[in-house]
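Here the structure comes first, spelled out in C-alpha cells, and everything after it is commentary.
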Amino acid sequence: MAKLAITAPLFDGESPPSYASRLARANGRDLVRHFALDVRLDFHGVVAGRPESLDHLVHLGGCDPDRLVSWSTRVDAAGSASMRGQDLGRRAMTRSHVMVCPACLDDDLGNEAIDLEARPFGRAVWQVPGIRTCDRHGAALVRIADAGSPHVMHDFAALVVPRLGDLQTLAGQALRRPPSDLEVYLSRRLQVGAEGSAFADTLPFYAVPRLCENFGAVVCFGDDVRLGDLDDDRRHEAAAVGFSFVAEGEHGVRTALERLQERFGARRTAWGLQDLFGRFYEWLAYENEDRAYDPVREIVRRHVSETMPIGAGFSVFGEEVASRRVHSVHSLAQDHGVHPKRLRKLLATAGLISAPDMIKSDDRVLVEADRANEFMRMLSDTMSLADAAWYLNVPRPHEQLLLKAGHIRPAVQGGTDVFKDHAISKTSLDAFLVKLLAAADPRRVEGHSIQRAAKMTNCGAMEIVALLIDGRLTRVGVDPDSRGYLSVLVDVAEVLPLVRREDHGGLSLVEVQKRQCWSDGLVKALVDQGHLPSSVGVNPVNRCPQRIVLPADLEKFDATYVTLMTLARECGVHFRRLNKHLSANGVEPDPRFSEVPATVFRRDAVASIEMPPG
C-alpha cells in the first residue's frame with residue numbers, strides 16, 4: 001500500500017472524512033468517492049471509523065495514525081457512534097448539512113503552502129450535537145451547505161469549496177457569542193473524558209445535550225414547545241439554560257421543576273404531570289425508552305412524590321408511588337370527610353398553610369402528608385376548654401390558669417373570628433396528667449390538694465403545679481376518693497420553702513416595736529414623721545406589701561437618740577426621777593420630737609451628765 005505522490009497535511013482536531021476529502025482535492029478529484037475508487041479506499045469505512053479503512057487512509061496520506069484515529073467517529077453495527085471514548089448515540093452526527101465557523105475556514109485559506117481547495121478542513125467537533133459555537137472566534141457556527149445528494153455526503157471539500165468566496169461575509173453575519181457552559185463542558189469532556197464528579201458525568205455523552213435542550217426549551221419557551229420549531233439560536237439558548245440546572249445535579253433539576261410548578265400554579269386548569277412539566281415530561285415518558293435517562297426520571301419521580309398530592313398507586317414513568325408524601329386540601333378533605341372550607345381554616349390556624357394559600361384552589365394548596373394526617377388525628381380527639389376541665393377534674397377557674405401558664409395548649413386557638421372555642425387534644429391532657437402525677441405515691445394518702453396548699457402557703461396554684469411537673473416535690477400522695485388534678489396531695493411543709501420569696505432584709509414595724517420596747521404609736525409616729533427611715537417591702541411569706549425599717553437605719557437612730565423610758569432602763573433609775581435629774585442639769589428633750597408620744601433626747605446631750613444612783 002503505497003503513499004500518494006501528492007499529499008495534504010493532517011490538522012489537529014480534523015475529522016478523517018475531512019482529511020480524505022481534502023486529499024482527494026489535492027490529487028485533482030472533485031468528489032472523494034471518485035478518489036476512493038481510484039485508490040481502493042473504503043470511504044464509508046473512514047466515515048464509520050473502521051480501523052482497516054483508517055489505516056489505509058494513513059498510508060495514502062502519510063499522516064500520523066494516532067492523530068487521525070483520535071478524532072475519528074466510530075459507528076458500530078447498531079448505528080451507535082462514539083468519539084474519543086464518548087458515546088454519541090445513534091444517528092448522532094450531522095449528515096445532511098455542514099456546520100462550520102466561517103472565520104476558521106477563512107483563516108485556513110491563509111496557508112499558501114497547500115493547494116487552495118485543500119486548505120479548509122473540517123473540525124470533528126463541528127459535527128458533535130450540542131456544540132454550536134466556535135470557542136476560538138466566539139461566534140455561532142453557520143450552516144454553510146447541505147448534502148442534497150448521497151454522492152457528496154460527508155465530502156467536506158466538495159460541499160465547502162463552492163462557498164469559499166462567501167466566507168468573510170458569512171463570518172461577519174455570524175452571531176457573536178461566547179461558548180455556553182454546556183459547550184465548554186462537552187468540549188472538555190471530549191478532550192479529557194468524564195471526570196465523574198458531576199451529575200452530567202454519570203450520563204452518556206449524547207444524553208447531556210439532548211437532556212439540556214429538552215429541559216431548557218420547556219423552561220424558556222413554554223410547556224408545549226417543540227424542539228423542531230426552534231431555530232439554532234433558540235436551541236442554543238435552551239440548551240444553555242437546561243445545563244445551568246443539570247450541572248447542579250438533583251438540586252438543580254428540582255429547582256427547575258419547582259419553577260415549572262410555580263408557573264403552572266397561576267393557571268386554573270386541573271393538574272397532571274404533562275400539564276406541569278409539559279413536553280419535557282412527554283419526552284421522558286413517551287418519546288424515548290432510553291435507559292440512559294433513568295437517573296433523570298428517578299429525580300423527577302422523587303420530586304413529584306415529595307411535592308405533589310399523589311397517593312399510593314399513582315404511576316410516574318410507569319412505576320407506582322409507594323406512599324403519599326403530600327396532601328392537597330382537596331385530597332385531605334376527601335380522606336377525612338371534612339368540608340374543604342373548614343379544613344382550610346383549621347390548617348391555617350395551625351400554621352400548616354400560609355395566607356397566600358387561602359386564595360388558591362383546593363388542589364393547589366399543599367401540606368406535608370404526615371403532618372396533615374397527624375393534625376387530623378389530633379383534631380378528631382379534641383374537646384373544648386370546659387370539657388377539658390371536667391376531663392382533668394380541675395376546679396374553676398384553674399382551667400384558665402392552666403391555659404395561661406401553658407400547661408394546657410390548644411391544638412386550635414379559640415377566641416378568634418374563625419373559631420370561638422379552643423380545641424384541646426385529649427392526648428395532650430393525658431400527657432399533662434402523667435407529668436403532674438409522675439412523683440405521686442398511691443400509698444401516700446395524707447397531704448393537701450393543690451388548691452388548698454396554695455392558700456396555706458400564700459402562693460399561686462400554678463407555682464405548685466410547676467413544682468410537680470419539674471419534679472421538685474417528693475412527698476406527693478393521691479386522694480383515693482378523687483381523680484385527676486384534685487386527687488394530687490402535696491405536703492405544705494415541703495412546698496413552703498420552695499415558694500417562699502427572698503427575704504427583704506428589713507424589720508417590720510411590729511419587730512421594731514418589740515426590739516426597742518416602744519409603743520405602737522411611737523413607732524408609727526417616728527416612721528410617719530420621717531425620723532426613722534423606712535421603705536415598702538414584700539413579705540416573703542404572705543407576699544403582701546409591708547412597711548419595713550432596715551436594721552442599719554434603726555441602729556443609727558438608736559446610736560443618736562434615746563427615749564426617756566429606754567434611758568431609764570439602761571440606768572436602772574425610775575423614769576420620773578431621771579427626767580427631774582436631767583431637767584435640773586439643763587438637759588432638755590430634743591424639740592424635733594415634740595409631736596411623737598415619747599420624750600426623746602440626743603445621746604450626746606445626756607452622755608456628759610452623771611446619772612443618779614438607782
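FYI, it's all coordinate maths here, none of it is from the lab. This structure is a prediction, so every number in the text was calculated from the model and none was measured. Quick reminder, even Gly has a Cβ in these numbers, built from the backbone with ideal geometry, and neighbours come from all protein chains shown.
Take region 486-614, drop everything but the C-alpha atoms, weight them equally and run the Debye formula without solvent; then report log10 I(q)/I(0) at 0.12, 0.19, 0.23 Å⁻¹ to two decimals.
Taking Cα atoms of region 486-614 as identical point scatterers yields -0.57, -1.05, -1.36.
Which ordering of M358, M308 is given by a fewest-first count of other beta-carbon atoms within 10 Å? Working shown, then result.
Details: M358 12, M308 21.
Sorted ascending by nearby Cβ count, the order is M358, M308.
When R67, R163, R344 are ordered from fewest to most other Cβ atoms inside 10 Å of their Cβ, what list results? Write down the numbers at each step before the final one.
Details: R67 15, R163 18, R344 21.
Listing R67, R163, R344 from fewest to most nearby Cβ atoms yields R67, R163, R344.
If each Cα of the chain is one equal point scatterer, what is log10 of I(q)/I(0) from the Debye formula at q = 0.10, 0.11, 0.12 Å⁻¹?
For the chain, the Cα-only Debye profile gives -0.98, -1.07, -1.15.
Relative to the longest principal axis of the chain, what angle (0 to 90°, nearest 10) does the C-alpha long axis of helix 207-221 take?
Approximately 60 degrees, to the nearest 10.
Multiply the residue gap between E248 and D229 by 0.36 nm, knock off their C-alpha separation, and tell me the result in nm, one decimal place.
4.1 nm
Taking DSSP loops as anything outside H, G, I, E and B, show the longest stretch in the chain free of GluC sites (Glu not before Pro) there with at most 12 other beta carbons within 10 Å.
The longest such stretch corresponds to 290-445.
From the convex hull of the Cα coordinates of region 181-324, what is the mean projected area in square nanometres?
On the way: hull surface 35.1 nm².
Here the figure is 8.8 nm², rounded to one decimal.
Check D223: other-chain or 5+ apart residues with amide H under 5 Å from its amide H, H built from backbone geometry?
For D223, no residues qualify.
Using amide H atoms built 1.01 Å from N in the peptide plane, name the residues 5+ places from R90, or on other chains, whose amide H lies under 5 Å from its own.
Under 5 Å from the amide H of R90: A81.
Nearest 10 degrees is fine. How inclined is helix 294-307 to the longest principal axis of the chain, computing both from alpha carbons?
30 degrees
Stretch T474-Q173 to full length: gain in nm at 0.36 nm per residue minus the Cα-Cα span? Please list the in-between numbers first.
Values: separation 301, 0.36 × 301 = 108.36 nm, distance 9.18 nm.
Separation in residues times 0.36 nm, less the Cα-Cα distance, equals 99.2 nm.
For region 230-327, which trypsin sites (Lys or Arg not before Pro) are both in a DSSP coil and crowded by at most 14 other Cβ atoms within 10 Å? Could the numbers behind the result be given before it?
Values: sites: R234, R235, R254, R259, R263, R267, R268, R279, R291, R297, R301, R302, R324, R325; in loops: R267, R268, R324, R325.
Those that pass, being in a loop and sparsely packed, are R267, R268.
Within the chain, which cysteines find no other Cys whose Cβ is under 4.7 angstrom from their own?
Lone cysteines by the Cβ rule: C63, C212, C220, C459, C517, C544, C571.
Between their Cα atoms, which of K345/K435; K455/K514; K404/K455; K341/K404; K345/K426; K404/K435 are more than 23 Å away from each other?
K345/K435; K455/K514; K341/K404
Quick one: 3J(HN,Hα) in Hz for region 182-190, Karplus 6.51/-1.76/1.60 with θ = phi - 60°, rounded, Gly and Pro as x.
Calculated HN-Hα couplings, in order: 5, 5, 4, 4, 5, 5, 5, 5, 5 Hz.
Mind checking the dipole of region 16-173: about its Cα centre, +1 per Lys or Arg Cβ, -1 per Asp or Glu Cβ, Debye to the nearest 20?
Result for region 16-173 is approximately 460 debye, rounded to the nearest 20.
Using DSSP to define loop residues, name the trypsin sites (Lys or Arg not before Pro) in region 76-162 whose beta-carbon has at most 13 other beta-carbon atoms within 10 Å.
Working: sites: R84, R90, R91, R95, R123, R132, R136, R143; in loops: R84, R91, R95, R132, R136.
Of the trypsin sites (Lys or Arg not before Pro), the ones in loops of region 76-162 whose Cβ has at most 13 other Cβ atoms within 10 Å are R91, R95, R136.
So for region 271-411, taking the charge dipole from beta-carbon charges (+1 Lys/Arg, -1 Asp/Glu), which of M358, T307, G278 sits furthest toward the positive end?
Among M358, T307, G278, the one farthest towards the positive end of the dipole of region 271-411 is M358.
Using a simple spin-label model with points 7 Å from Cα along the Cα→Cβ vector, what separation in nm is obtained for E289 and D481?
8.4 nm
Quote the FRET efficiency, to the nearest 0.05, computed for R188 versus R371 with a Förster distance R0 of 56 Å and r equal to the Cβ-Cβ distance.
Values: r = 45 Å, r/R0 = 0.80.
Taking R0 as 56 Å, the efficiency between R188 and R371 is 0.80.
Alpha carbon centre of region 481-521 versus region 246-321: separation in Å?
Here the answer is 71 Å between Cα centres.
Taking the Cα centre of region 507-606 as the origin, how large is its charge dipole in debye, to the nearest 20, when only Lys and Arg (+1) and Asp and Glu (-1) carry charge on their Cβ atoms?
Dipole about the Cα centre, nearest 20: 240 debye.
Could you please state, rounded to a whole Å, how far the C-alpha centre of region 115-187 is from the C-alpha centre of region 426-442?
81 Å
Regarding region 383-492, what is the average projected area of its C-alpha convex hull, in nm²?
6.6 nm²
Arranged by the count of other C-beta atoms within 10 angstrom, fewest first, what order do Y485, Y391 take?
Listed from fewest to most nearby Cβ atoms, that is Y391, Y485.
Considering the dipole of region 150-280 built from charges on the beta carbon (Lys and Arg +1, Asp and Glu -1) around the Cα centre, which of F221, A256, A240 is farthest to its positive end?
Going by the charge dipole, the pick is F221.
Mind checking the angle between helix 249-265 and the chain's longest principal axis? C-alpha axes, 0 to 90 degrees, to the nearest 10.
In the chain, helix 249-265 runs at an angle near 80 degrees to the longest axis.
State, in angstrom, two size descriptors of region 327-380 derived from its alpha carbons: Rg to one decimal place and Dmax to the nearest whole number.
Spelled out, the Cα radius of gyration and Dmax of region 327-380 are 9.6, 27 Å.
Using +1 at the Cβ of each Lys and Arg and -1 at the Cβ of each Asp and Glu in the chain, identify which of V512, T349, P9 lies farthest towards the dipole's positive end.
V512
When the dipole is taken about the Cα centre of the chain, and only Lys, Arg (+1) and Asp, Glu (-1) are charged at their Cβ, what size is it in debye, to the nearest 20?
Its charge dipole is roughly 2100 debye.
Please list, in chain and number order, the residues 5+ apart from T133 or on another chain whose amide H is under 5 Å from its amide H, with Hs placed from the backbone.
Excluding prolines and chain starts, which carry no amide H, the hits are L141.
Return the FRET efficiency for the residue pair A312, A405: r is the Cβ-Cβ distance, R0 is 41 Å, and the value is rounded to the nearest 0.05.
About 0.45, to the nearest 0.05.
DSSP loop (so not H, G, I, E, B), at most 15 other Cβ within 10 Å: list which trypsin sites (Lys or Arg not before Pro) in region 527-614 pass both filters. Don't skip to the end; give the middle numbers.
Values: sites: R543, R547, K556, R569, R576, R577, K580, R592, R602, R603; in loops: R543.
Sparse-neighbourhood loop trypsin sites (Lys or Arg not before Pro): R543.
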